[in-house]
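Only one structure is covered here, and it is reproduced in the block below.
The values are calculated or read from the model by the stated rules, or taken from the named source; none is laboratory data. On a predicted model such as this, the values are computed, not experimentally measured, just so you know. All Cβ positions, glycine included, derive from the backbone under ideal geometry; neighbour counts span all protein chains shown.
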Amino acid sequence: MSAYLRALRLVNFRNYVDATVLLAPGLNVVVGANAQGKTNLLEAISFAATGSTPRTPNDPEIILWGADFTRAEMRVSMNGDEERKIAVGYAPGQKKRLTIDGVPASSLAAYAAGGAGVRVVTFFPDDLRVVKGAPSDRREFLDSLLASLKPTYARAAAEYARAVQQRNQLLRRIRDGLSSEKTLSTWDRKVVDLGTEVLRGRTAAIGPLGSLFEDAVSALYGPEKAALGYGYSAPLDGYAEALREARGVDVERGTTSVGPHRDDFAVLFGGVSMTTYGSQGQQRLATLALKFAAREYLRGETGQDPILLFDDVMSELDEERRGYLTEYFLASTQAVISTTNLEYFDPEVIERTPIVRISGGSVL
């Protein structure tokens, strides 16, 4: 059996002052009215498991209003015969404190890449931006998935972003006559070296991920031919040359025009882009299919099933798809699903499923 979360304690997290939640393997349903803390609970599990939140890049936002720190603790059952104690503490202006059985984690990147003993796949309604939003949203989805597997990828992606930023600053200085174009060579080499590492990771993943996406769409949507098509601003084998050729344009514009930071991938049903032409329902199903593909990709790479954290996933689906999702969650090692309405689930499922009731930031 893969690892799963047994208990979670939250202190000063969003609207939780001090709350403890007990969870079980398989499906767990979190229920409550709107704006009571269901989404915050799922976010907190992700925060505890990865050291960061998928909902905001600004960590101070997760701290309870008026408090000066937040902390999430969890107990993880490891393969049924061992328990691991995990804690993540954060206060603005201080480094995050990540501990595993009381021992500090070596780095946030290592912690996020399975260091806590579990990985997570999340779905929040705002995740529709992965399909319907900007290319940066799709790049973030792919990079986050790869970073959850390899700390080296996370570091390369972060260092690449910084190197591009430095190169852009230099390009503007050259354009303004404050620096010589000869000084670009050093940054070009650094950008290409780091960008090549990012491109290799994405290139290796996109094919298998696309196949898994096609399978997920078939299960959710029907026999529609689905695919993911990666669009390169510069091919891997011609990246360095493309960067050199773009130098004149880059100086004129003051920005780096080729590299993985300018790439995108298309989400296609029947060869049609769901970003441009998909209905709201198709975009939602495509987003779910991407999340299912991510889960299967992680399982294939690690041999372990990630925890599924799906927020308000049932509300806009028909009865047939709700039934499919219920069976999918029941068959997982652990899934924590939030809803405002238990009637989205069959009564016999509810009878044998742990129900977590939330009201006003409290677990009832």
Query raised in the report: In the range 23-45, what residues are over 25 Å from residue 59 (Cα atoms) and part of a strand (DSSP E or B)?
Result: 26, 27, 28, 29, 31
Query raised in the report: Just a yes or no: is a residue in the range 263-273 modelled with pLDDT of 95 or more, part of a helix (DSSP H, G or I) and either closer than 30 Å to residue 41 by Cβ or touching a helix residue (DSSP H, G or I) at 6+ places or on another chain (Cβ under 8 Å) (or both)?
Result: no
Query raised in the report: Which one of these does residue 72 not meet: (1) aliphatic (A, V, I, L, M); (2) crowded, with 23+ Cβ neighbours inside 10 Å; (3) more than 26 Å from residue 127 (Cα to Cα)?
Result: (3)
Report summary line: Flagged in the range 101-143 as under 24 Å from residue 313 (Cβ atoms) and touching a Phe, Trp or Tyr at 6+ places or on another chain (Cβ under 6 Å), in numbering order, are 123, 130, 138
Query raised in the report: Of all residues in the range 234-255, which are closer than 29 Å to residue 274 by Cβ and either surrounded by 18 or more Cβ atoms within 10 Å (Cβ to Cβ) or within 20 Å of the chain's Cα centre (by Cα) (or both)?
Result: 234, 239
Query - Only listed residue being under 30 Å from residue 313 (Cβ atoms), touching a Phe, Trp or Tyr at 6+ places or on another chain (Cβ under 7 Å) and either assigned to a loop (DSSP other than H, G, I, E, B) or not assigned by TED's automatic domain parsing to the domain that holds residue 61 (or both), chosen from 98, 146 - result: 146
Query raised in the report: Does the range 252-263 contain at least one residue that is among the small types (Gly, Ala, Ser) and free of Cβ contacts under 8 Å to residues at least 60 places away in the same chain?
Result: yes
**Report entry** Identity of the residue in the range 125-136, buried (at least 16 other Cβ atoms within 10 Å of the Cβ) and of a type in the set (A, V, I, L, M, F, W, C), that ends up farthest from residue 265 (Cα to Cα)
**Finding:** 128
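Each row is one residue, and each column tells you yes or no for (1) modelled with pLDDT of 95 or more; (2) part of a helix (DSSP H, G or I).
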residue: 219; (1), (2): no, yes
residue: 224; (1), (2): no, no
residue: 229; (1), (2): yes, no
residue: 234; (1), (2): no, no
residue: 237; (1), (2): no, yes
residue: 241; (1), (2): yes, yes
residue: 251; (1), (2): yes, yes
residue: 255; (1), (2): yes, no
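Checking the condition in the same structural domain as residue 17 (by TED's automatic domain parsing), surrounded by 15 or more Cβ atoms within 10 Å (Cβ to Cβ) and farther than 26 Å from residue 148 by Cα, which residue from 336, 363 passes? Lay out the reasoning, then the answer.
Numbers: 336 fails: farther than 26 Å from residue 148 by Cα.
None of the other options fit; the residue is 363.
Could you identify the single residue in 139, 155, 172 that is crowded, with 18+ Cβ neighbours inside 10 Å, among the basic types (Lys, Arg), touching a residue at least 40 places away in the same chain (Cβ under 8 Å) and assigned to a helix (DSSP H, G or I)?
Values: 155 fails: crowded, with 18+ Cβ neighbours inside 10 Å; 172 fails: crowded, with 18+ Cβ neighbours inside 10 Å.
139 is the lone residue from the list that is crowded, with 18+ Cβ neighbours inside 10 Å, among the basic types (Lys, Arg), touching a residue at least 40 places away in the same chain (Cβ under 8 Å) and assigned to a helix (DSSP H, G or I).
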Query - Cβ-Cβ under 7 Å pairs, at least 6 apart or on other chains, the range 274-288 side within 15 Å of residue 321 (Cα to Cα), far side at pLDDT below 95 and surrounded by fewer than 22 Cβ atoms within 10 Å (Cβ to Cβ) - result: 284/316; 285/220; 285/221; 288/220
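Could you please find all residues in the range 52-83 being in a strand (DSSP E or B) and in contact (Cβ under 8 Å) with a residue 40 or more places away in the chain? Spell out the reasoning first.
Initial filter on the range 52-83 (in a strand (DSSP E or B)): 63, 70-78, 82-83.
The answer is 63, 70, 71, 72, 73, 74, 75, 76, 77, 78, 83.
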Query raised in the report: Do we have any residue at all in the range 293-302 that's modelled with pLDDT of 95 or more, farther than 22 Å from residue 40 by Cα, over 18 Å from the mean Cα position of the chain (by Cα) and part of a helix (DSSP H, G or I)?
Result: no
Query raised in the report: Which numbered condition trips up residue 189, out of (1) basic (Lys, Arg); (2) in contact (Cβ under 8 Å) with a residue 24 or more places away in the chain; (3) closer than 21 Å to residue 243 by Cβ?
Result: (2)
